[in-house]
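S.K.: I am attaching a structure below and will ask some questions about it afterwards.
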């Protein structure tokens, strides 16, 4: 598999093993052993997979636990649940990330009804595993700023330029919009220079929170498809955290501004804008990856530049609009 990395976008369902052994959840260890003897099992059994009456995956049973458990104990009592699964629509690159994140020897692959359809184990990646592990941290940083290292490995300067320029243009575009917005609020800036002093800090806080929220969203979306229930639950959790972070950061920065310049209303405007900005930042951090995932676009590459651009523009709008209303 080394050399050409185009295989990373191959659907994982194309390379799964289907010789896994499924055990009913309501049988005993003695019955399981007899069941296994009667079945034809593959050569690379690592885990046994426990299913319910509807053939849905409900647990996993390591071989060691199966062999050492009392014979009269039920499989459902010693199985490990819930199970970390790889969805059938995942790619080979997604599977790599599961192995690097969880350090398991194998993962079950399930369909939309949680039915077990195959297994992917670490032996399939024997040639690439250590090389991929060494690149993990560097890959993650490149993906955040807008391109995948797998796209530019051994690429010519022109090809690297072609991959990287579109996302840099997104940054230039958002920066230009922010500059134009600042120009619109020129009179507000003229009233107090303190707004200019703290603008970079407010932008930095918004970007940090949006990237944190985006990273959590991408991690969640690797193993499931987004729906409204998941989105609203995640949004409630993220906004709750953002409000607390916004209150804390807004209060600290507001106090600093007040102690430094002695102007309470400006300090209040800066602190309040921070709280509002962080709430909007988590909205973009959650919504952009979800939308890209829904549109079947590569959220790992595109989400970073889009999230940062929208966060910066909204931050400038909130910051100056609130200042204009209060000053």
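The values are calculated or read from the model by the stated rules, or taken from the named source; none is laboratory data. Please read all numbers here as calculations on a predicted model, not as lab measurements. Virtual Cβ from ideal backbone geometry, glycine too; neighbours counted across all protein chains shown.
S.K.: Give me the helices (runs of 4 or more DSSP H) completely within the range 80-198, filtered to those with at least 1 residues that are within 20 Å of the chain's Cα centre (by Cα) and at pLDDT 80 or above, ordered by residue number.
M.R.: 92-102
S.K.: Could you grab me the full set of residues in the range 54-70 that are farther than 16 Å from residue 36 by Cα, out of contact with any helix residue (DSSP H, G or I) (no Cβ under 9 Å at 6 or more places or on another chain) and surrounded by 16 or more Cβ atoms within 10 Å (Cβ to Cβ)?
M.R.: Within the range 54-70, 57 is the sole residue that qualifies.
S.K.: Sticking with this structure for a sec: Suppose we filter the range 174-196 for residues that are under 30 Å from residue 241 (Cβ atoms) and either free of Cβ contacts under 8 Å to residues at least 40 places away in the same chain or in contact with a helix residue (DSSP H, G or I) (Cβ under 7 Å, 6 or more places away or on another chain) (or both); how many remain?
M.R.: The number of residues fulfilling the criteria is 9.
S.K.: Then there's this: Looking at the range 199-247, which of its residues are under 11 Å from the mean Cα position of the chain (by Cα) and either assigned to a helix (DSSP H, G or I) or assigned by TED's automatic domain parsing to the domain that holds residue 12 (or both)?
M.R.: 211, 212, 213, 214, 215, 216, 217, 218, 219, 220, 221 - these are the residues of the range 199-247 that are under 11 Å from the mean Cα position of the chain (by Cα) and either assigned to a helix (DSSP H, G or I) or assigned by TED's automatic domain parsing to the domain that holds residue 12 (or both).
S.K.: Pick from 97, 77: which is more than 15 Å from residue 13 (Cβ to Cβ) and buried (at least 19 other Cβ atoms within 10 Å of the Cβ)?
M.R.: Only one candidate passes the filter, namely 97.
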